[in-house]
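Please treat every number below as a calculation from the coordinates, not as lab data. Every value quoted in this text rests on a predicted model; they were computed, and no experiment measured them. Glycine also receives a Cβ, built like all others from the backbone with ideal geometry; neighbour counts cover every protein chain displayed.
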């Protein structure tokens, strides 16, 4: 089917009203100072005419010519990662498409699908993406079908974007339905060998990952893990190690939520190995090491009923300590001792040290981090209060009652301001101070 306008009379009637507004918008958007300055902006796409000529000739163009120009500008801006002006151009493309072809034409659905993708990909605007994707879907259903591949690709973009946007908005039923529809359309495209391998892997990976997240949030771990397995199988084709690492981390989170710590540790160890092979000392490796430390410390909390369990306990303790130290070391060198990730890992390590009877080391870490917490979170913060509580608790176990009393009084002053005198934390700290008094 031709994409020509409906009729000459339609074009003429529309130019008298809507084009004027679009002309003014285009001129104000493109002019850096004034039309008389004669200056032009540099364009990354050499096929686009100069700024001065654009402004001079734009009002003389037909709507179809303006649409073609705006489409080229949008692509150029996207390539140069100028996302805000790119979205403005895509909005203009949608308006011009309606002007040229009418509201129910396939070209309008195409313009809307490009805008939808930009809203979500460039800005993360889920509400806007969902609204426009729904409208594009309505146009696709009512418009006369164009060339089959163009039609399928447009449907794929709409369903894929609807799935991602609905997941962000917490509408799990819609996210599942849209992702499944996108998978069906994708299968049709692949069957006709109408898409390159790289694009296919990119799109299918997003579909499988979205479905895994949907099923995980729906409380269906087996289905979630199945989608992760499909993603792993897909990624093996291109040896995309960073994404494989991400999938293993997702699988570990699913298993750990079910209480399957051994399986979670297996997945994390694989992810850790991949991260280290790619970039030793990377932040991703440190984050995985932190997760491994927490998983091992959880397994070490079980009681030692026999020799086998005691050996397992010892292995878990040693492994947890090793991964805590690794993650903290990388965080400190890469981000600094005052960074939130560094301080959080040190707090987790401190609780682990208390669990394993290493109170003095715990207090030492908290004393070292106290100044950084005051600088990062403020003197009167929950983080500072927690540090004081840990230090005071260790001082009590070492019978340093005067030191403990002074430390807990500082902690009490903070929690009283933060939570009020009737809060359970304030009351517990008050009882400790009274007892020490």
Quick shape check on region 111-160: root eigenvalues a ≥ b ≥ c of the Cα gyration tensor, a/c under 1.5 is rounded, otherwise prolate if a/b tops b/c, else oblate, and it reads prolate
Can you sort 137, 272 by how many other beta carbons sit within 10 Å, fewest first?
137, 272
Once R0 is set to 51 Å, what does the formula 1/(1 + (r/R0)^6) return for the Cβ-Cβ distance between residue 72 and residue 351, expressed as a FRET efficiency to the nearest 0.05?
0.30
Region 341-379 to region 414-437: how many Å between their Cα centroids?
21
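Among 356, 407, what is the fewest-to-most ranking by other Cβ atoms within 10 Å?
Numbers: 356 16, 407 25.
The fewest-first ordering by Cβ neighbours comes to 356, 407.
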Each label point is 7 Å from the Cα along the Cα-to-Cβ direction; what then is the distance between the points at residue 218 and residue 279, in nm?
3.5
Working only with C-alpha atoms, what are the Rg and Dmax values of region 358-437, expressed in angstrom?
12.0, 33
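Taking neighbour Cβ counts within 10 Å as the exposure measure, how do 408, 352 sort from fewest upward?
Taking fewest neighbouring Cβ atoms as first place, the list is 352, 408.
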Set the Förster radius R0 to 45 Å, insert the Cβ-Cβ distance between residue 416 and residue 335 as r into 1/(1 + (r/R0)^6), and round the FRET efficiency to 0.05.
0.90
So how do 91-97, 185-191 stack up, highest first, on mean other-Cβ count within 10 Å?
91-97, 185-191
